[in-house]
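The structure appears right after this line, and notes come after that.
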Amino acid sequence: MTKTDGAPKPRRNIELLLLLLALSVGIGANALVGVDQEKAFDSDFWFQSSLLAVAALLFHVVLRLRAKYADPVILPLVVALNGLGLAMIHRLDGPDSETGNDQLRWTLVAMAVAVAVIWFLKDHRILRRFTYISLAVSALLLLLPLIPGISAGEILGARVWIRLGPWTFQPGEIAKITLAIFFAGYLSSNRDLILLAGRKIGPLQFPRFKDMGPMITAWLVSIGVLIFQRDLGSSVLFFGLFIVMIYVATSRVSWVVIGVGLILGGGFVASRVFSHVGLRIDGWLNAFTPEVYDRQFGGSLQIVQGLFGMASGGLVGTGLGQGSPNTVPFANSDMIIASFGEELGLIGLFAIVLMYLLLFTRGFRAALGTRDAFGKLLACGLSFAIALQCFVVIGGVTRLIPLTGLTTPFLAAGGSSLLANWIIVGLLLMISHTARSPVDTTPLPPGTETDTRQAVPAIPGQPGSPAPPANHANPD
């Protein structure tokens, strides 16, 4: 392999330093919570801190062995967010609550699954072979909560959980990953078909009606989730994921215009047909109206209490363990952002949002760096899924948009979300490893007809890529 001065470096030592800083943030937050509860540095603190530190360092060792060119910033960011979430959930635990310990167990399981993804998935492009299998798996996952016998029934107005013994699980969280794999595989293979000329209206060129099949299918899937599972958040997430991925694949604003129109139309109809959607919108628009605030179902008490909690935190917050976030319903899950806003203040919230912003940009950077269309679309889709989830949750808590049932990635209590988002981290690390790995440019020996090296497929028009052969269509 020829090397140049600009050859990429693994940068695993930088990751180790950042990882130690991230662990100090999460463990330090847990220590502050313990000080307030008068049980600082007890055996539970050291046991929990040791487990988190060992898991993070083992993850780092696996990256050194299997993905040494992976992005060095992604893992520390996620560990810091996860550590802060564990500290806040432990802080909100009552005397008989085990939510914090359950979250720690889910964290260890999720990190182990992400390590398995990195260890066994040698190349993310292998997933392209399972494009339509991913679609079938997605449909199965979305149908599971509706199947009698394993369905957990309606919980808090939504049917999105299944029951596995004493545990409940939300298969829709895994479905966002399999849907992203399907969209990436389908769009990278059918981009030329989707780009066929359609009718031009003003500056926008709209696709032909027969080419809108995938958009209509995604819209119907999201409406189906809204109708049968009564889950507004997942419906917005699934359809928003497809809109962004098809825009990245085609660069046509017309797809975004059509998608936004379908979202607004579907939301308007849903607010008129389904009472739970109408109540959420009414609670958003008229949050401070007494009759809406006092309403037992679909009221605005949760939103208003969260707003007052963040307002009481002010600029620097009351301090970890010094506020009263327990007065807000679901303070450790749906409203954990309000809990952080009260105890860390506006500055603390800005720091958390900045960490999310850095995580998104590192995912998009991996998408820009990888040399295959499937990897670009998959990295964009997975990064945007986390970004959209954060926007929907934080927007709902701050009353920018109606409140939904989504959880804040890595922070909020919820094993399903934690597992799915750690799997996304594993996939992003693998894609970034491929993007940053040096390309083998050693000349072949004379007489060699087939290059057996695993080269990254080039994309026509990209700097350093050869032109495609004549009369040969490149699906990427």
### Task
Test Pro10 against the stated conditions and say whether it is closer than 30 Å to Met430 by Cα, out of contact with any helix residue (DSSP H, G or I) (no Cβ under 6 Å at 6 or more places or on another chain) and at pLDDT below 95.
yes
Lys68 vs (1) part of a helix (DSSP H, G or I); (2) open to solvent by 30 Å² or more (accessible area, probe 1.4 Å): all pass except (1)
All conditions in (1) of a type in the set (Val, Ile, Thr); (2) within 30 Å of Leu301 (Cβ to Cβ); (3) open to solvent by less than 20 Å² (accessible area, probe 1.4 Å) are true of Ile394 except (3)
Checked segment 82-111 for anything open to solvent by 40 Å² or more (accessible area, probe 1.4 Å) and closer than 21 Å to Leu20 by Cβ; matches are Leu108
Filter segment 210-242 for residues that are aliphatic (A, V, I, L, M) and crowded, with 22+ Cβ neighbours inside 10 Å; the one that is nearest to Glu173 (Cα to Cα) is Leu237
Note: among Gly28, Gly83, just one is within 18 Å of Gly319 (Cβ to Cβ) and at pLDDT 95 or above, namely Gly83
For this session: For Arg280, state whether it is more than 30 Å from Phe228 (Cα to Cα) and open to solvent by 10 Å² or more (accessible area, probe 1.4 Å).
Result: no
Next item on the list: Consider Trp119 carefully, then state whether it is touching a strand residue (DSSP E or B) at 6+ places or on another chain (Cβ under 8 Å) and not hydroxyl-bearing (Ser, Thr, Tyr).
Entry: no
Exactly one of Gln322, Gln296 is under 22 Å from Gly405 (Cβ atoms) and of a type outside the set (D, E, K, R), and that one is Gln296
Checked segment 148-185 for anything open to solvent by 60 Å² or more (accessible area, probe 1.4 Å), among the charged types (D, E, K, R) and either in contact with a helix residue (DSSP H, G or I) (Cβ under 7 Å, 6 or more places away or on another chain) or in a strand (DSSP E or B) (or both); matches are Arg159, Arg163
Exactly one of Leu65, Leu75 is modelled with pLDDT of 90 or more and farther than 23 Å from Met355 by Cβ, and that residue is Leu65
Pairing a residue in segment 91-118 that is over 13 Å from Phe410 (Cα atoms) with any residue that is part of a helix (DSSP H, G or I) and among the polar types (S, T, N, Q), where Cβ atoms lie under 7 Å and the two sit 6 or more apart in sequence or on different chains, gives Leu92/Asn326; Leu92/Ser339; Asp93/Thr99
Report task. State whether the residues of segment 75-83 include one that is over 22 Å from the mean Cα position of the chain (by Cα) and part of a helix (DSSP H, G or I). Result -> no
Just one listed residue, out of Thr408, Thr448, Thr404, Thr441, is modelled with pLDDT under 90 and either in contact with a strand residue (DSSP E or B) (Cβ under 6 Å, 6 or more places away or on another chain) or under 19 Å from Ile174 (Cβ atoms) (or both), and it is Thr404
- request: Take Ile352 and decide whether it is open to solvent by less than 50 Å² (accessible area, probe 1.4 Å), of a type outside the set (Ser, Thr, Tyr) and within 16 Å of the chain's Cα centre (by Cα).
  value: yes
Among Leu400, Leu344, Leu307, Leu368, the single one that is closer than 24 Å to Gly100 by Cβ, open to solvent by 10 Å² or more (accessible area, probe 1.4 Å) and more than 16 Å from the chain's Cα centre (by Cα) is Leu344
Counted residues in segment 343-364 being in contact with a Phe, Trp or Tyr (Cβ under 9 Å, 6 or more places away or on another chain), free of Cβ contacts under 8 Å to residues at least 60 places away in the same chain and more than 13 Å from Ile394 (Cα to Cα) come to 3
(1) free of Cβ contacts under 8 Å to residues at least 12 places away in the same chain; (2) under 23 Å from Gly319 (Cα atoms) all hold for Leu65 apart from (2)
Checked against (1) modelled with pLDDT of 90 or more; (2) open to solvent by 60 Å² or more (accessible area, probe 1.4 Å); (3) within 20 Å of Pro402 (Cβ to Cβ); (4) among the small types (Gly, Ala, Ser), Ser312 satisfies every condition except (3)
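The values are calculated or read from the model by the stated rules, or taken from the named source; none is laboratory data. From a predicted model like this one, the values you see are computed outputs, not experimental measurements. Glycine also receives a Cβ, built like all others from the backbone with ideal geometry; neighbour counts cover every protein chain displayed. These accessible areas exclude ligands, DNA and RNA; they are computed on the full protein's heavy atoms, side chains included. Shrake-Rupley method; radii C 1.70, N 1.55, O 1.52, S 1.80 Å.
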